[in-house]
Amino acid sequence: MFVDTHGSGFGPAPPEILRVEDLRIAFALHHVLGSARHNEVVKGASFRIPAGRTVALVGESGSGKSVISQAIMGLLPRVGAVTGGRILFHDPAKPKACVDLAALMRDGPEFRALRGGRIGMIFQEPMSSLSPVHTVGDQIEEALQLHQPVARAEARAKTEAMLRLVGFRDPQGGYDKYAFELSGGLRQRAMLAMALICRPALLIADEPTTALDVTIQAQVLKLMKDLQREIGMAILLITHDLGVVANMADEVVVIYHGEIMEAGTVEDIFRRPAHPYLKALLKATPRFDMDEGERLVSLRESGSMPMARKPERISDTRANVPAMLISAQSLRKVYHARRGGWLGRGKAIGIPAVDDVSLEIKRGECLGLVGESGCGKTTLSKIMMRAVTPDQGAITYCDGSEKTDVLALKGQPLRQFRRRMQLIFQDPVGSLSPRMTVLSLLREPLDIHGEAAGKQRVKDLMRAVGLDPRFLNRYPHSFSGGQRQRIGIARALALDPDIIVCDEPVSALDVSVQAQILNLLKDLQRDRGLTYLFISHNLAVVGYMADRIAVMARGRIVETAPRHELFRGPAHPYTKRLLNAVPFADLDHRLDFSSVTLASASDPSLWPPAFRDDGNRASLKDIDLGGGHYVLARENADARDLRP
Amino acid sequence: MLLSYIVRRLLIMIPTLIVSSMLIFAVMELPPGNYFDTYVAEAQASGEQAELGRVEFMKKEYGFDKGPIGRYWFWVSGLLHGDFGYSFEYQMPARDVVGDRLFLTMLVSFVTVIFTWVIAFPIGIYSATHQYSWADYGLTFLGLLGIAVPHFLLALIFMYVANVWFGTSVGGLMDPKYLNAPMSWDKVRSILQHLWIPVLVIGAGGTGSLIRRLRANLLDELQKQYVVTARAKGLHPFRALVKYPLRMSLNFFVSDIGDILPSIVSGAELTAIVLSLQTVGPLLVHALRSQDMYLAGSILMFLSFLSMLGVLVSDIALAALDPRIRFQGGSTK
């Protein structure tokens, strides 16, 4: 169990804290009553983590990166097992000893002492990672009491000190909070407090910021760096986001299909990527500085067949000047929530989800809508689709000849309008009924609108999104995430709509698949003359897709501009904060962590006075900065203040 | 806050009780005729002289000369005074007829519930944590058998086996000689000796379904990320199981408390008849058949009151157990 450290050929300082040698992990495929077939998911991986440094393990989902972290923690699912190799953990607190984690009993006392004590771990989804029925303090303190038992009062004091360290402004109050009472960023901070309260030698962070908004992501990344300095731990950062890697990692290990493709310092990896997989991964990531017409190169070409349907439509849309297709004027929607204590009736408070929003989408363009979660962008799209009725405002739809008041539609005309506007959802798993075959999924919209749903038509749809029509009789579970999203796109196309609302269509997908889907959406737009309202929190993705971008904060659109204009010269402080928080996969444009503050980017009290309404909503107007660039500011504001 | 909530819930119970009393009365009134008609007809058929004068007096006394609404009012106003009406069949106040049986019913139900929990919890937890093992399949089979076999059949089998193999009679809840005797140690001993068979028979189905549901809920919870978090802290798997997923899977269990009592009382009637238990069930069935309407109505009212109280208790317990309900209960979207 204990291995002599001198034989392993350790390099000079900094000493290695973890060394993975020829690690093999297999999963039992059929494990009904003992008869098992095995599937090897990690095939002889070797890498090392130096003490106090950050090593990024990069790869797509299914590449085995999370499985490796589970093996290090002894948390493999029951069907998984280490079938070969060693995981040598060298605790700096015990300089003489070296433990082979792969050989330890998974739930034995030795392993449990390391787990949470010397090796901490945080996960992607802080909400589901915390128990909803225990207070945050209780869960953090539990980790402390397991490894360094102390008296209750002292434990509480230590827990509160830890909460303060991870950035809780009110640690005493935070101790007694439940996970659902905290924002996403605070939840992940609480997770960090839990993982680090015993001051471990190694922190494993499995996609720690993937579920967070870009500004919150920057805050959490900065916090991880600060804590690393404070505690002196090493970090194993597992991610598929090369932007995060470039900003956090000292060393990078690239994994593909369970095998290590490339490993080295971050400089080597980004400046001189040797392996084709890594080069492809870099090319598949959308960047801000992409040229007009430049395409992402997806890792595996999916065999999407270029479409040559409906040429007449292209000509009629592109021939004349782009005309307004749908426009919204002064939309407002207030949600009422009751806040109160024990089952009682608290005060009803109105939260404006969409507040005096006007926007207009031209035929054939792609309007990007960006903002942090909770800013109202999804509500706005639902109002535009007439799925949610606004409290006030108007929506006008113009199909070339006549104008329609969308909010006044009823009955048959409303049904007719519904087919003009379709939706692509974020979650490719939840948005397809698992009990329907692809054929019935694609036929359903046609059936609803009483159209002949001939098989040929459905087959055409399948080809249009690059899927084999022979798959029509399969159920969604037999498709990958990217393929499911293609089915979702085909369903949206079934009724030949004019405009498609894409609500975070790629945020659940890997970088490589993301590139395929984005390219598919672009091709479909070009071939079919579609108009998109493209909603995302990922600025680079929106930048790749959209012609114009609208930035939304606290229910209002604060800035609208053509995409290059927005990236080159953002005027609104909120837009600037968003752009500054994006981590680039580029060593020359690293995040400026010193400028990252705890404050929320959408808090107007931190904006310059020219952008604050100070209680009077009407005082803010869309100021024209020229070239289609508008910013929400005071009417009398000096244009020089607004210019970036 | 909690107090005002309970008061509000209790106030809501008043209209609910009124509505259920109307429903119960309407059902009682549905069959044609009444107890006295049946009684007189039966007496005439057997050639006996019915005491017509007495019948007339009783009819007047208990409101049968008035319309249904008058009778309803007579019954309900009696309930309000704690008078549960008069049992014509037994010729004594309904309260005295029910008397001892109510206590025995509660005893049988209570012990059955405890038995169900004690057996189902360990088995459910074991089944969930050892999913698809031989033991899981075996226990699942036993549980399904418990659900599938009707109670009364199980009771008959028990009686047969006890009679043929052990030569003892297992019917009743006590030795017949204690039936109307005052409570004594010997009577308690006798009750306890007889109790286990009805508990086993009535509890079999409940145990089976509780095992199934606990297993399913626990399996769901065991997949959740927070279980991994707990284990990543270094918590022993069993302690992690008890503190996190088991606690979460209790929600369904607590919200069921309200249903347990009425379902056991009403579900066990056939069994009670087969085993000739001195519980409320057989009494209710008999009262319904002989149109002894005040007795039947009062028992039904009591049962509906019990279930309302049970639901209230389970709601309060649920709020105490789950902060999400406590803090977010009122929010609307």
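The values are calculated or read from the model by the stated rules, or taken from the named source; none is laboratory data. These numbers come from a predicted model, not from an experiment. Reconstructed Cβ throughout: ideal geometry from the backbone, glycine too, with neighbour counts over all protein chains shown. Note: areas computed on protein heavy atoms with side chains; ligands, DNA, RNA excluded. Shrake-Rupley method; radii C 1.70, N 1.55, O 1.52, S 1.80 Å.
Inter-chain Cβ neighbour count for A:172-181, averaged per residue, equals 2 (cutoff 10 Å, partner chain atoms only). A:E294 sits among other residues whose Cβ lies under 14 Å from its own Cβ, and their net charge, with Lys and Arg +1 and Asp and Glu -1, is +2. Between A:K410 and A:D289, the distance separating the two model label sites (each 7 Å from Cα on the Cα→Cβ line) works out to 5.8 nm. Counting Cβ atoms of other protein chains within 10 Å of each Cβ in B:317-325 and taking the mean gives 3. Would you mind pulling out the separation of the Cα centroids of region A:145-186 and region A:597-633, in Å? Cα centres, region A:145-186 to region A:597-633: 36 Å. Of interest is the spacing of the C-alpha centroids, which for region B:206-276 and region A:206-263 amounts to 40 Å.
Sorted largest first, the spans of the alpha carbon positions of chain B along the three principal axes are 83, 61, 37 Å. A simple packing score, the average count of other Cβ atoms within 10 Å per residue, orders the peptides B:248-257, A:200-209, A:56-65, B:129-138 as A:200-209, A:56-65, B:248-257, B:129-138, with the highest score first. Between B:A45, B:A240, B:A26, which gets the highest mean-square fluctuation from a Gaussian network model of chain B, Cα cutoff 10 Å? Result for chain B, Cα springs under 10 Å: B:A45 fluctuates most.
Using just its DSSP H runs of length 4 or more, each adding -39500 (n - 2.57), chain B gives a mean residue ellipticity at 222 nm of -24500 deg cm²/dmol after division by all residues. In this structure A:K576 has an accessible area near 80 Å², from a 1.4 Å probe over the protein heavy atoms. Efficiency by 1/(1 + (r/R0)^6): what FRET value for B:S46 and B:L270, r their Cβ-Cβ distance, R0 = 25 Å, to the nearest 0.05? Here the calculated transfer efficiency is 0.30. Relative to the longest principal axis of the Cα atoms of chain B, the long axis of helix B:247-267 makes an angle of roughly 20 degrees. What does the charge count near A:S128 come to, summing +1 for each Lys or Arg and -1 for each Asp or Glu among other residues with Cβ under 12 Å from its Cβ? Local net charge: 0.
Working ranking of peptides A:286-295, A:42-51, B:218-227 by packing, defined as the average number of other Cβ atoms within 10 Å per residue, highest first, is A:42-51, B:218-227, A:286-295.
Per residue of peptide A:192-204, the mean number of Cβ atoms on other chains within 10 Å of the residue Cβ is 1.
Against chain A, whose longest principal axis is taken from its Cα atoms, helix A:481-493 shows a tilt of about 10°. PRE reach from A:S480 (point 7 Å along Cα→Cβ): which of region A:247-263 fall under 11 Å by backbone N? Under 11 Å, as judged by backbone N against the label point of A:S480, lie A:257 of region A:247-263. Applying the criteria of a DSSP loop state and at most 13 other Cβ atoms within 10 Å to the GluC sites (Glu not before Pro) of region B:1-62 yields B:E48, B:E51. Only one residue of A:P583, B:L312, A:L432 has its Cα farthest out toward the positive end of the dipole of the protein assembly as shown, where Lys and Arg carry +1 and Asp and Glu -1 on Cβ, and that residue is A:P583. Of the residues A:H240, B:H81, ranked by 1.4 Å probe accessible area with the largest first, the sequence reads B:H81, A:H240. Taking every alpha-carbon pair within region B:139-186, the share separated by more than 13 Å comes to 69 percent. In a fully extended conformation the segment linking A:E40 and A:H275 would gain 82.3 nm over its present Cα-Cα distance, using 0.36 nm per residue. For B:S87, the residues whose amide H sits under 5 Å from its own are B:M92, B:A94, ignoring neighbours fewer than 5 places away on the same chain, with H placed 1.01 Å from N.
Helix content alone sets the calculated 222 nm mean residue ellipticity of chain A: runs of n ≥ 4 DSSP H residues at -39500 (n - 2.57) each, divided across all residues, give -9000 deg cm²/dmol. The label point for A:D447 and the one for B:I316, both projected 7 Å from the Cα toward the Cβ, are 5.0 nm apart. Here is the P(r) of the protein assembly as shown: all C-alpha pair distances, binned every 10 Å from 0, give 2, 9, 15, 18, 17, 14, 11, 8, 4, 2, 0, 0 in whole percents. The calculated FRET efficiency for the pair B:D83 and B:V164, based on their C-beta separation and a Förster distance of 30 Å, comes to about 0.05. So how tilted is helix B:151-161 from the main axis of chain B? Cα-based, degrees 0 to 90, rounded to 10. Taking the Cα atoms of chain B, the angle to B:151-161 is about 90 degrees. Using the Cα centre of region B:26-104 as origin and beta-carbon charges of +1 (Lys, Arg) and -1 (Asp, Glu), tell me which of B:G53, B:V76, B:V27 is placed farthest towards the positive end of the dipole. My answer, from the dipole projection, is B:V76.
Classify region A:142-257 from the C-alpha gyration tensor, please: rounded if a/c falls under 1.5, else prolate or oblate depending on whether a/b exceeds b/c. Note, shape of region A:142-257 comes out prolate.
Computed from label points 7 Å out along Cα-Cβ, the spacing between A:F180 and B:M92 is 5.3 nm. Once the Cα-Cα distance is subtracted from the 0.36 nm per residue extended length, the B:L30 to B:F305 segment shows a gain of 96.8 nm. Take the alpha carbon gyration tensor of region B:31-83, find the square roots of its eigenvalues, order them as a ≥ b ≥ c, and report rounded if a/c is under 1.5; if not, report prolate when a/b exceeds b/c, else oblate. Taking the square roots of the gyration eigenvalues as a ≥ b ≥ c, region B:31-83 is prolate. From the largest down, region A:28-168 spans 51, 40, 30 angstrom on the principal axes of its Cα atoms. Considering region B:65-134 at the alpha-carbon level, its Rg and Dmax are found to be 22.4, 68 Å.
Averaged per residue, what accessible surface does region B:94-332 expose to a 1.4 Å probe, in Å²? About 46 Å² of surface per residue is accessible. Segment A:T210..A:V334, full-extension length gain: 41.7 nm, with 0.36 nm per residue of separation and the alpha-carbon distance subtracted. Taking a ≥ b ≥ c as the square roots of the eigenvalues of the Cα gyration tensor, region A:503-620 is oblate, since a/c reaches 1.5 or more and a/b is not larger than b/c.
Taking R0 as 41 Å, what FRET efficiency do you get between A:R457 and A:V79 from their Cβ-Cβ distance, rounded to the nearest 0.05? E(calc), rounded to 0.05, equals 0.45. Shown in residue order for region A:217-232 are the 3J(HN,Hα) couplings computed by the Karplus curve 6.51 cos²θ - 1.76 cosθ + 1.60 at θ = phi - 60°: 4, 4, 5, 5, 4, 4, 4, 4, 5, 4, 5, 4, 5, 5, 9, x Hz (x for Gly and Pro).
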